[in-house]
Amino acid sequence: SSSKISLLRRSLVLLLFLFGLAMPACSASVPEVADMQLPPPSPPTVQRVVALTSLSADILHRIAPDKLVGMPESSLFKDDPKLKDTPKVSGGRVAPNLEKILSLKPDLVIGAERFHEATKTKLAELKIPCELFDVRDWQSLEAMTKAIAAKVGADPQPLIQRYQTMRANIPQNAPKTLVLVSRQPILSPNKNSWAGALLDSFNIPNLAADLQGASPIQGYVSLSPESVLKSNPEAIALVESPMPNSNILQEFSGQPFWQELKAVKDKQIYLFEYYGLVNPGSIDSIESATQKLRQLASKQAS
């Protein structure tokens, strides 16, 4: 009995000894705070942005107004007192003023593909970041909005939800439609354009969707009076030019083929603004275009 007690004591001492050895080993496996690899700090968000398009300016104005330090001159914002004093770096089709941009000390410039390539090259030489976007459909509009929001540390969701609301509850069985944006030449958007994508999102059959051909504007095709007659649309969307004193309805009404069209006989002519349907322009102009498209789409095809 005493030998068993002695053996038990020696076993207990050995266990305590081994446990004591294990303790420092466990402690050594926990790194000191000073030795820990901390994650790198998040990069600072952009603080000063110059927008070269009305759409990017509008998006910034809505999600991070204090970050917008420069924008283009635009008739879309002439009545907006909040943007009246924002410095203007371009106007009309004139290239952005590089000196004005530099004077604003931006850490990001946002422009449009195909329009601001030269400006981006010059800014790159001056070590000023410039990002260009191409808005051709809802997906690219949402991607642009999210990218801008990420740069300035803002929440894009309110705008994303607004986009989704614009194209919710789409009518069915819309009439076959031809969009005409100019008389000389007669131009119509195919599926590779913002206008074409809008029609598609509203389930409106675009008679020029799959047409290809030489045109001064990418995403648009030139039509002859004969081809317009042959398509014989059930509805026609006419787009007013942003130029003053334009009247596209009057221009087409004087053409011999015009009165022969089914859409004209049935009085299914819809007038659209250039901004919204051809050029996105701004959030409000896009919404206005979608409201008119909804009206057009609600007219049942005959």
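Less than 15 Å from a label point 7 Å out along the Cα-to-Cβ axis of Arg167: which backbone N atoms in the stretch 173-194 qualify, by residue?
Taking a point 7 Å out along Cα→Cβ of Arg167, the residues of the stretch 173-194 whose backbone N falls under 15 Å are 191-194.
If you put +1 on each Lys and Arg Cβ and -1 on each Asp and Glu Cβ, how big is the dipole of the stretch 108-213 around its Cα centre, in Debye rounded to 20?
Charge dipole, the stretch 108-213, about its Cα centre: 160 debye, nearest 20.
What number results when the radius of gyration of the stretch 95-230, computed over Cα atoms, is divided by 2.2 N^0.38 Å?
The reported ratio for this selection is 1.33.
Taking the Cα centre of the stretch 140-187 as origin, work out the dipole magnitude from +1 charges on Lys and Arg Cβ and -1 charges on Asp and Glu Cβ, in debye rounded to 20.
The calculated dipole for the stretch 140-187 is roughly 160 debye.
Any number yet on Rg/Rh for the stretch 102-152, C-alpha, Kirkwood?
Rg/Rh: 1.00.
Give me the extension gain from Asp80 to Lys100: residue separation times 0.36 nm, minus the current Cα-Cα distance, reported in nm with one decimal.
5.0 nm
Between Asp155 and Met243, take the C-beta separation as r, use R0 = 51 Å, and let me know the FRET efficiency to the nearest 0.05.
Using R0 = 51 Å, I get an efficiency of 0.85.
Counting Lys +1, Arg +1, Asp -1, Glu -1, what net charge surrounds Glu287 among other residues with beta carbon under 14 Å of its beta carbon?
+2
Counting DSSP beta bridges with both partners in the stretch 108-263, what percentage is antiparallel, nearest 5?
Here the share of antiparallel DSSP bridges comes out near 35 percent.
Residues of the stretch 49-70 with the amide nitrogen closer than 18 Å to a label point 7 Å from the Cα of Leu126, along Cα-to-Cβ, please.
Within reach of a label on Leu126: 49-53, 68-70.
Could you point to the residue in Ala174, Phe115, Phe133 farthest towards the positive end of the stretch 113-201's charge dipole, with +1 and -1 charges on the Cβ of Lys/Arg and Asp/Glu respectively?
Ala174
Can you work out the PRE-style zone for Phe257? Point 7 Å along Cα to Cβ, and I want the residues of the stretch 193-222 with backbone N under 16 Å.
The answer is 207-209, 211-214, 221-222.
FYI, it's all coordinate maths here, none of it is from the lab. Keep in mind the model is a prediction, meaning the values are calculated, not measured. Ideal geometry is used to build each Cβ from the backbone, glycine not excepted, and the neighbour counts take in all protein chains shown.
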